[in-house]
Structures are given as C-alpha cells and as structure tokens.
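The values are calculated or read from the model by the stated rules, or taken from the named source; none is laboratory data. Model, not experiment: these values are computed from the prediction. Cβ sites come from the backbone with ideal geometry, for glycine too, and all protein chains shown count toward neighbours. Side chains are part of the model used for accessible areas, which takes the heavy atoms of the whole protein and leaves out ligands, DNA and RNA. Shrake-Rupley method; radii C 1.70, N 1.55, O 1.52, S 1.80 Å.
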Amino acid sequence: SAVISQKPSRDICQRGTSLTIQCQVDSQVTMMFWYRQQPGQSLTLIATANQGSEATYESGFVIDKFPISRPNLTFSTLTVSNMSPEDSSIYLCSALTVGYTFGSGTRLTVV
Amino acid sequence: GIQVEQSPPDLILQEGANSTLRCNFSDSVNNLQWFHQNPWGQLINLFYIPSGTKQNGRLSATTVATERYSLLYISSSQTTDSGVYFCAAGYNFNKFYFGSGTKLNVKP
C-alpha cells in the first residue's frame, strides 16, 4: 500500500495565524481526504481533495477557513486559517489506495 | 449520512485475553474498514472487509453486510494492542463515516 508523509508532525501556533499542512504520497492516487480529530473524539471528514478542481467540503467546513490545494496526483495541502484555540486538533490526510492509508497526523495546538 | 456505532466504548484486558469489538452501521454499505490508532496517533488500516471474514495473525474480522454489523476479534492480546480501534463505513470509497471508537487498554 502507499506511504504518506505528512508534515509538520506537530506545531504550536498563535491565534489569528495560519498553518499549512502538507501530505506527500509515494504513488499517484486519485482521491485524497483531509480529516480532523478533536481531542478524545473520532475522525470527521473536512473535505475531499480533487486533482485539478476545487475541493469538496463537508457540512460545517468552508473553503475560507480550510483552503485545500491538490496540484498533482501525489501531493495536497490543507491550510488552517485565522486559527483559534477551538482549532486545536489532530489533522490527518488520507489517500485511497487499497483501502485507506493515513498520514501520521499533525497535532496542532493553538494558544 | 451513515450512522456508525461501536461497542464497547472502553475495554480493559489482561494480557493474553481475547476480545470482540462490534461495529453497527445504519445503511447498506459496500465498504467497511477497521483501523487501529496507536497511542502516538498513527492510524493503521487493519482490514478492508465489506463482507465475509479475514484473518491476519491474532486479529480477524467478520462483516455481515445484510445485518449491518462487523466484528473485530483480538486473540491473545498484547500490550502493543492498546489504543483506539475505529471502524469506518461508506459507499464506493467515498465519504467514509467513522464510528466513535473502542479504547482498548491491555495491561501486562
């Protein structure tokens, strides 16, 4: 199965700033996904990252807050914009290969 | 969307014990997967099992799609099995819906 490199692994950010998370897949994949996992909670899908078109966002998530890029079939970024403490979560990217493969996650703390 | 319920929410085992984790889903799905999230947050895909039974070492899984449930069996548990087990269900690899997880603690 594919290997996904996600970075940064963790960060502590000031409120009001933005953080961009990167995911690199070691093979071409059609579909990539971004999830949020709030402390002690399950995973919630933020959006599906489509190559060559705009991302498809789930209810409750908007492009202005979570802009996503997908410039090619192996790479995607998620930006968490204008952060507040409520954005403190683990953010995970995943790719559809044989089943789902996940990156190692980005543990974000907003202070 | 699909409702995915997992039970039990928490499980404490003595090393060497066996356990069964359950996942119920609200709709007909053609994709179901089990994941293990280790204490460092890494999610590992255990099984892709939309139907039938699969085994991988001490772990096995069974999905009865017509009755909308899946079971994950852990035999001879080890401390390294600790973490959270998630099942996720969906259609055609789009929009997987995750359950709330079973937090497993295996004590030595």
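DSSP finds beta bridges in chain A, and of those with both partners inside it, around 90 percent are antiparallel.
If you plug the beta carbon distance of residue A:44 and residue A:20 into 1/(1 + (r/R0)^6) with R0 = 22 Å, you get a FRET efficiency near 0.65. No disulfide-compatible partner, judged by a Cβ distance under 4.7 Å, exists for the following cysteines of the protein assembly as shown: A:13. Among the protein heavy atoms, those of residue B:15 account for about 90 Å² of accessible surface (1.4 Å probe, every chain in place).
Mean per-residue shielding of peptide A:98-105 is 6, counting Cβ atoms of other chains within 10 Å of each Cβ. Rounded to the nearest 5, the antiparallel percentage of DSSP beta bridges internal to the protein assembly as shown is 90%. Think of each Lys and Arg Cβ as +1 and each Asp and Glu Cβ as -1; about the Cα centre, that makes the dipole of the protein assembly as shown roughly 240 debye. Backbone phi angles across segment A:13-26, fed through the Karplus curve with coefficients 6.51, -1.76 and 1.60 (θ = phi - 60°), yield HN-Hα couplings of 10, 7, 4, x, 9, 10, 10, 10, 9, 10, 10, 10, 9, 7 Hz in residue order; Gly and Pro are listed as x. Look at the alpha carbon pairs under 8 Å that are at least 6 residues apart: their mean separation over the length of segment B:4-107 gives a relative contact order of 38 percent.
For segment A:4-110, the dipole from Cβ point charges (+1 on Lys and Arg, -1 on Asp and Glu) about the Cα centre works out to 200 debye, to the nearest 20. Of the residues A:89, B:101, A:6, the one whose Cα sits farthest towards the positive end of the charge dipole of the protein assembly as shown is A:6 (charges of +1 on Lys and Arg Cβ, -1 on Asp and Glu Cβ, taken about the Cα centre). The mean number of Cβ atoms from other chains found within 10 Å of a Cβ in peptide B:35-42 is 4, as a whole number.
If the cut-off is a Cα-Cα distance under 27 Å, which lysines reach residue A:7, setting aside same-chain residues fewer than 8 apart in sequence? The qualifying lysines are A:65, B:95, B:103.
Evaluated with a Cβ-only charge set (Lys, Arg +1; Asp, Glu -1), segment B:4-107 carries a dipole of roughly 100 debye about its Cα centre, given to the nearest 20.
Here the simple spin-label model places points 7 Å from the Cα toward Cβ, and for residue B:92 and residue A:56 these points are separated by 0.9 nm. Classify the protein assembly as shown as rounded, prolate or oblate, taking a ≥ b ≥ c as the square roots of the eigenvalues of its Cα gyration tensor: rounded when a/c is under 1.5, otherwise prolate if a/b is larger than b/c and oblate if not. It is prolate, given that a/c is not under 1.5 and a/b is the larger ratio.
Applied to segment B:61-76, the Karplus parametrisation 6.51 cos²θ - 1.76 cosθ + 1.60 on θ = phi - 60° returns per-residue 3J(HN,Hα) values of 9, 9, 10, 10, 5, 5, 9, 6, 8, 9, 10, 10, 9, 10, 10, 6 Hz, with x for Gly and Pro.
The distance between label points at residue B:58 and residue A:81 comes to 4.8 nm (points 7 Å beyond Cα on the Cα→Cβ vector).
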